[in-house]
Every structure is written in structure tokens, then in C-alpha cells.
Amino acid sequence: MKMRSVAGALFGLLLLLPAHPAGAARGQLKVYQGELVSPRIELNDINGQPHSLTDYRGNIVLVQFWATYCTPCRKEMPTMNRLIEKMQDKAFRIVTVNMAESKQQVLRFLDEVPVNFPVLMDNDGSTLGQWKVFAAPANFILDKNGEVIFTLYGAIEWDSPEMVEQLTALADR
């Protein structure tokens, strides 16, 4: 029942998205001006393997919070697969965090939309709260030291030439 209440609250917040004066506009990266300093994620992936953001230091990291009911998430994950292929020789990684859904829901989704990057499970929604995530997809770009530098709420074509160029420039610094 706890997961349903978290998912219900998240859905309610998603409905408020158009009225929220977020620091990030839909469809483009915005310089992050929030209060997350050295944000943490220490979660297990869908296969039970532990992951920590500190494991990804030295890389530019796209952290995405998503949900199976999120239509934009479904549409953009294939672009994230293509992005990771285009960036395979760069210091760039993708880590996704599911928004407190059951393992069975996530596995069904991944059967339909396979991914080439870790899917972490925020079973109780505590990581969502720490990151102040209010909608899906919520995207954060971390620098090589693990600090949030850009954010984006809403979907984007991650493998667009403009995005690949921007992320390549960050990774090559």
C-alpha cells in the first residue's frame, strides 16, 4: 500500500507540472540552480547489484528519474540507448532510477523497452525526496566530480546531434 501512495502522490505532482515554475524548461538543458550539493544515490539495480554515484566519478553522468506509466519516458529511452552507443568512447554514463514501482512493473516495461544502462530501484521513494523530484522524466547532468550542472524536466531526444555535441564537449573537458 505504501508504494501505491507514493506513486499516487507522484502522479498528482506530475499533473501540476505545467503550472510549476521549474528551473528547467521542457526540451532543453538548463543550468542547475538548486540546492543539491554532492547528491547521493546508493541503490540496487533491477538485478540486485549495488550502485553508488561515486562509482561513476570521472564521468559526465546523466541521471534520469522515470516511471513505467510515463509516456515521454517510454519514447525517450530508445534515444538514450542510441546516445550511450554514440558516447561509448567518452567519459559519459547513464544511470536511471525508477520512481518507487514494483520490480514486476519495471521488468514488464523493460521487456517492451529494453535499455543498455543501469536501472536502479528506489523502492521506498526516499531518493526521489532527497533529489526533490516532482515529475517524470526528471533528468540531471552531473560533472566529473559528481556535482549537478544541468537539469531538464520532460522528454528530449538524447541522441540529437546538438545533445551529443554538448555532452561530448563536457566529457572531453
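The values are calculated or read from the model by the stated rules, or taken from the named source; none is laboratory data. In this text the structure is predicted, and so the values were computed from the model without any measurement. Please note: Cβ atoms are built from the backbone with ideal geometry, for glycine as well, and neighbour counts cover all protein chains shown.
Table for the structure above
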{"quantity": "Test: residue in segment 81-88 that is over 13 Å from the mean Cα position of the chain (by Cα), under 22 Å from L170 (Cβ atoms) and without any contact (Cβ under 8 Å) to a residue 24 or more places away in the chain", "calculated": "yes"}
{"quantity": "Unique residue being exposed (fewer than 15 other Cβ atoms within 10 Å of the Cβ) and touching a Gly at 6+ places or on another chain (Cβ under 8 Å) when the list is K75, K132", "calculated": "K132"}
{"quantity": "Test result for L142, farther than 13 Å from Y32 by Cα and buried (at least 20 other Cβ atoms within 10 Å of the Cβ)", "calculated": "no"}
{"quantity": "Among the candidates I94, I84, residue that is modelled with pLDDT of 95 or more and assigned to a strand (DSSP E or B)", "calculated": "I94"}
{"quantity": "N44 vs. criteria in contact with a Pro (Cβ under 6 Å, 6 or more places away or on another chain), over 21 Å from F150 (Cβ atoms) and modelled with pLDDT of 95 or more", "calculated": "yes"}
{"quantity": "Search result, residues across segment 82-116 that are surrounded by 18 or more Cβ atoms within 10 Å (Cβ to Cβ) and farther than 16 Å from A136 by Cβ", "calculated": "L83, I84, M87, F92, R93"}
{"quantity": "Which numbered condition T68 fails, given (1) under 26 Å from E35 (Cβ atoms); (2) in a loop (DSSP other than H, G, I, E, B)", "calculated": "(1)"}
{"quantity": "Hits in segment 97-115 - residues which are farther than 15 Å from E76 by Cα and part of a helix (DSSP H, G or I)", "calculated": "K103, Q104, Q105, V106, L107, R108, D111"}
{"quantity": "Verdict on D124 being surrounded by fewer than 19 Cβ atoms within 10 Å (Cβ to Cβ), closer than 22 Å to Q49 by Cβ, of a type outside the set (S, T, Y) and modelled with pLDDT under 95", "calculated": "yes"}
